[in-house]
Amino acid sequence: MYKELPTLFMKRAVWGGLLVFSIGAGFLSGCKSGSCENITCLNGGTCRNGRCQCPVGFEGARCETKWTDRWIGTYTVDDRCRQVGLIPQYEGRVSPSTIYPDVVYLEPFGDLTCEGRQAVKVEGRLLSGKEIRIEQQAVCNRRYSIAGDGTYDGNRRAFNITYTFRDFQTGLTDTCTATWLKY
């Protein structure tokens with residue numbers, strides 16, 4: 001009888017461990033890890049594996065934030081160009097597109113003006129909430145061609161953009177870096 005006692009104890013310990021493991025596994029599988037059951041994604045977002053996948057132009061845990069929100073506003077702008085040099089500081093504005101959630105307009109841009117002293121306005125496409133691309137575009141009845149890329153720094157409430165412009169009237173082509181600092 002004393003010889004069977006350790007064997008009997010081991011059998012109970014093994015069965016007890018299996019019972020605890022089985023109950024624990026049941027609780028874990030009942031949690032439905034990655035479930036979308038109680039998750040509502042906004043602005044056309046879709047839930048996958050318990051997380052919202054946001055459409056272009058939106059971010060956040062529930063796709064509640066527009067990329068454009070951090071960009072919109074009035075800025076003090078400093079441009080420095082390789083050939084032209086320092087452009088006098090000016091006030092710039094970033095406004096949202098009324099059609100596309102990932103498009104903003106920068107105006108005036110590069111402190112350039114069209115005939116009649118109309119400010120140059122360029123379209124920027126947001127690649128994320130912190131990156132902007134100005135695709136090659138002609139402005140002012142094709143007097144200027146402008147293209148560039150930039151990044152937003154949330155800590156400074158500013159963005160830097162490096163762009164190239166060409167003035168077809170004068171033949172000047174230049175590369176500039178602009179810092180837009182939000183008021």
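The values are calculated or read from the model by the stated rules, or taken from the named source; none is laboratory data. Remember, it's a predicted structure, so these values are computed and weren't measured experimentally. Cβ placement follows ideal geometry from the backbone for every residue including glycine, while neighbour counts extend to all protein chains displayed.
What to note about this one:
- Filter result for THR68 (at pLDDT 90 or above, among the hydroxyl-bearing types (Ser, Thr, Tyr) and closer than 30 Å to TYR183 by Cβ): yes
- Members of segment 161-170 that are surrounded by fewer than 16 Cβ atoms within 10 Å (Cβ to Cβ), without any contact (Cβ under 8 Å) to a residue 24 or more places away in the chain and in a strand (DSSP E or B): THR162
- A single entry from VAL77, VAL104 fulfils the requirement of being at pLDDT 95 or above and closer than 16 Å to THR179 by Cα: VAL77.
- Out of GLY57, GLY85, GLY50, one residue alone is of a type in the set (Gly, Ala, Ser) and touching a helix residue (DSSP H, G or I) at 6+ places or on another chain (Cβ under 8 Å). It is GLY57.
- Elements of type strands (runs of 3 or more DSSP E) contained in segment 45-155, each with 3 or more residues being touching a strand residue (DSSP E or B) at 6+ places or on another chain (Cβ under 6 Å) and of a type in the set (Ser, Thr, Tyr): 73-81, 144-153
- Only listed residue being within 17 Å of THR76 (Cβ to Cβ), of a type in the set (A, V, I, L, M) and assigned by TED's automatic domain parsing to the domain that holds VAL77, chosen from ALA158, ALA138: ALA158
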